[in-house]
Amino acid sequence: MSDSVRFQRFIMDWGRNNYREFPWRKPAVSPYESIVAEMLLRRTRAETVKKVYLHFTHQYPDFISLSKASVSDLKELLNPIGFSNVRSNAFKEIATTVTRDHNGALPADETYISNLPHCGRYTANAVLCFSFGQKRAIIDAPIHRMMCRHLGFLPVTEIHKADELWDFMARLVPESYPREFNYALLDYCAIVCTPRVCKCSNSIVLNEIDRNTIFDE
């Protein structure tokens with residue numbers, strides 16, 4: 001068994017026993033709901049986002065309705081989780097762009113999504129994976145931390161520009177169940193591979209993974 005398969009199985013097994021339930025993780029999450037979740041989750045704990053996410057998607061269920069919202073109303077709705085000025089303007093710009101370009105139907109196009117206002121590489125990959133079921137790498141700060149600790153990568157200041165990390169993780173994501181794998185990886189790195197306490201150092205599998213041979217059969 002290759003190290004890549006061992007890694008995949010380890011993360012998937014851990015995820016099945018420790019899966020975190022959030023409203024944006026339902027099986028048929030729409031591209032719109034994915035965008036909303038990703039914007040709300042920036043620099044904010046998932047547990048804090050839940051209530052606001054439900055209110056937000058209830059009041060504005062799609063890009064078209066969101067494009068008609070006033071920035072002041074959006075600010076009021078987003079006040080409980082902070083950064084309301086930045087987030088309200090971002091939501092307004094994104095919704096207006098998608099409504100204008102595609103009548104509110106976000107296409108499964110990496111270039112288009114990544115070039116939307118306030119989006120980028122991570123958001124595009126998250127939407128394509130979680131809403132369209134594509135095999136896509138997801139790298140946030142905790143995943144980057146795990147890759148440095150256990151896979152021998154050097155820390156970078158701009159994760160979205162680190163092509164080597166993204167190319168490596170893109171190969172590591174399994175063809176089957178990429179959505180479930182990425183959810184499990186996000187949860188594992190957030191809960192176990194924490195900044196101050198490296199609880200993931202207790203993992204025999206991670207400690208035995210060799211980055212240079214991880215894809216060898």
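The values are calculated or read from the model by the stated rules, or taken from the named source; none is laboratory data. This one's a predicted model, so the numbers in the text were calculated from it and none came from an experiment. Here Cβ is always computed from backbone atoms with ideal geometry, including for glycine, and neighbour counts include all displayed protein chains. Surface accessibility is based on the protein's heavy atoms, side chains included, excluding ligands, DNA and RNA. Shrake-Rupley method; radii C 1.70, N 1.55, O 1.52, S 1.80 Å.
May I ask for the equivalent-ellipsoid semi-axes of the stretch 16-139, computed as the square root of five times each C-alpha gyration tensor eigenvalue and listed largest first in whole Å?
Details: eigenvalues 84, 71, 32 Å².
So the three semi-axes of the stretch 16-139 are 21, 19, 13 Å.
Report, in debye and to the nearest 20, how large the dipole of the chain comes out about its Cα centre when Lys and Arg carry +1 and Asp and Glu carry -1 on their Cβ.
Details: 27 positive and 25 negative charges, 149 e Å.
The calculation lands at about 720 debye.
Largest mean-square fluctuation among 156, 49, 71, in a Gaussian network model of the chain whose springs join Cα atoms under 10 Å apart, belongs to 156. Once Lys and Arg get +1 and Asp and Glu get -1 on their Cβ, which of 125, 165, 64 lies farthest toward the positive end of the dipole of the chain? Checked the options; the winner is 64.
At most 14 other Cβ atoms within 10 Å and a DSSP loop assignment: could you name the trypsin sites (Lys or Arg not before Pro) in the stretch 1-97 that fit? Write down the numbers at each step before the final one.
Details: sites: 6, 9, 16, 20, 25, 42, 43, 45, 50, 51, 68, 75, 87, 92; in loops: 20, 42, 43, 45, 68.
Sparse-neighbourhood loop trypsin sites (Lys or Arg not before Pro): 20, 43, 45, 68.
Give me the log10 of I(q) over I(0) for the stretch 166-217 at q = 0.17, 0.19, 0.28 Å⁻¹, as the Debye formula computes it from C-alpha points; what are the numbers? The computed values of log10 I(q)/I(0) come out as -0.66, -0.82, -1.20.
Rolling a 1.4 angstrom probe over the protein heavy atoms with all chains in place gives the chain an accessible area of 50 Å² per residue.
Provide the FRET efficiency to the nearest 0.05 for the residue 204-residue 167 pair, computing r from the beta carbons and using R0 = 22 Å. Working from the Cβ atoms, E equals 0.25.
Find the Cα radius of gyration of the stretch 66-142, compare it with 2.2 N^0.38 Å by division, and give the number to two decimals. Don't jump to the answer; show the numbers that get you there.
Details: Rg = 13.5 Å, N = 77, 2.2 N^0.38 = 11.5 Å.
This ratio for the stretch 66-142 stands at 1.18.
Shown for the chain is the translational diffusion coefficient from the Stokes-Einstein equation, using the Kirkwood radius over Cα pairs, a temperature of 25 °C and a viscosity of 0.890 mPa s: 135 µm²/s. Carbon-plus-sulfur accessible fraction, the stretch 85-217 (probe radius 1.4 Å, protein heavy atoms only): 49%. Hey, any idea what Rg/Rh is for the stretch 39-88, computing Rh the Kirkwood way over Cα pairs? That ratio is 0.93, to two decimals. Over the stretch 108-147, the reciprocal of the mean inverse Cα-Cα separation, the Kirkwood hydrodynamic radius, stands at 10.5 Å.
Here each label is just a point 7 Å from Cα along the line to Cβ, and for residue 21 and residue 140 those points are 2.0 nm apart.
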